[in-house]
Amino acid sequence: MNIQTNDIGHVIQLAIAPVFLLTGVATKLTVLMNRLARIIDRTRDLKIELRKGPDPECSEELDVLYQRWRLINYAITFSTGCGLLICLIIACLFLGDTTNLPLDRYIAGMFVVAMVALIASFIFLLREVTVSFRYMRIHRHDAPARPN
C-alpha cells in the first residue's frame with residue numbers, strides 16, 4: 001500500500017465533481033429549511049388565531065400548511081439522503097484508490113441512488129410550491145379592502 005502523491009492528486013480530482021454536487025445539495029437544503037421555517041411561523045400565528053375562536057379560513061389555511069410541511073419534510077429527507085450518499089461516494093473514491101478495492105460498481109450504484117434521491121427531492125419541492133401557489137391563486141381576491 002505505497003501511496004504516491006500523484007495517486008492522491010488523481011483521487012482528489014475525481015472527488016471534485018461530487019464535492020460541487022454536495023455544495024449544491026447543501027444550498028438546496030438551506031432553501032428547504034427556510035421554507036419550512038416560514039411554514040412553521042405561519043402555523044404558529046394561525047394557531048394563536050384559532051385559540052380566539054373557530055375560524056374556517058384559518059382552519060383551511062392550516063390544512064394547506066400541514067400539507068406543505070409534509071412535502072417539505074419529504075424533500076429535506078431525500079436531499080439529506082442524497083448528501084449522505086455523495087459523502088459516501090467521496091469516501092469510497094479515496095478508500096478504493098488507497099486499498100485497491102474494486103468499489104467502482106458500488107460508487108456507480110450510490111451515484112445513481114443519489115441522483116434518484118435528488119430528483120425526488122426536487123419533485124417534492126415542486127409539489128410544495130404548486131400547493132402554495134394554488135392556495136394563493138384561490139384566495140388572491142380575499143384581501144380586505146384598505147381603509148380610506
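Under 8 Å for C-alpha pairs, at least 6 residues apart: give me the relative contact order for the chain, rounded to a whole percent.
Working: 106 pairs, mean separation 44.9, N = 148.
Computed over the chain, the figure is 30 percent.
So for the pair Ala17, Leu95, with labels modelled 7 Å out along Cα→Cβ, what separation do we get in nm?
2.1 nm
So what is the accessible area of the chain per residue, in Å², with the probe set to 1.4 Å?
Accessible surface, normalised per residue, equals 69 Å².
Using a Debye calculation, one point per C-alpha and no hydration shell, please list log10 I(q)/I(0) for the stretch 55-114 at q = 0.13, 0.14, 0.23, 0.24 Å⁻¹ in order.
-0.51, -0.54, -0.86, -0.89
Computed FRET efficiency, Cβ-Cβ of Arg70 and His10, R0 41 Å: what is it to the nearest 0.05?
Rounded to the nearest 0.05, the efficiency is 0.40.
Provide the FRET efficiency to the nearest 0.05 for the Ile123-Asp63 pair, computing r from the beta carbons and using R0 = 22 Å. Please list the in-between numbers first.
Working: r = 22 Å, r/R0 = 0.98.
The value I calculate is 0.55.
To check my understanding: the extent here is largest minus smallest coordinate of the Cα atoms along each principal axis. What are those three numbers for the stretch 30-83, in Å, largest first?
44, 15, 12
In Å, what Kirkwood hydrodynamic radius results for the stretch 84-140 from the alpha-carbon pair distances? Mind showing how you got there, number by number?
Details: mean 1/r = 0.0734 Å⁻¹.
After inverting the mean inverse Cα-Cα distance, the result is 13.6 Å.
Where does the stretch 4-148 land on Rg/Rh, using Cα atoms and the Kirkwood Rh? Let's see the in-between values first.
Details: Rg = 22.1 Å, Rh = 18.1 Å.
Taking Rg over the Kirkwood Rh, I get 1.22.
So for the pair Ile48, Val131, with labels modelled 7 Å out along Cα→Cβ, what separation do we get in nm?
Taking the simple label geometry, Ile48 and Val131 are separated by 2.4 nm.
Would you mind telling me the share, in percent, of accessible area of the chain contributed by carbon and sulfur at probe 1.4 angstrom? Write out the running numbers ahead of the final one.
On the way: 6630 of 10270 Å².
That share works out to 64 percent.
The values are calculated or read from the model by the stated rules, or taken from the named source; none is laboratory data. Just so it is clear, the structure is predicted and the values come from calculations on it, not from any experiment. Quick reminder, even Gly has a Cβ in these numbers, built from the backbone with ideal geometry, and neighbours come from all protein chains shown. When the accessible area is computed, the model is the full protein with side chains, heavy atoms only, and any ligands, DNA or RNA have been set aside. Shrake-Rupley method; radii C 1.70, N 1.55, O 1.52, S 1.80 Å.
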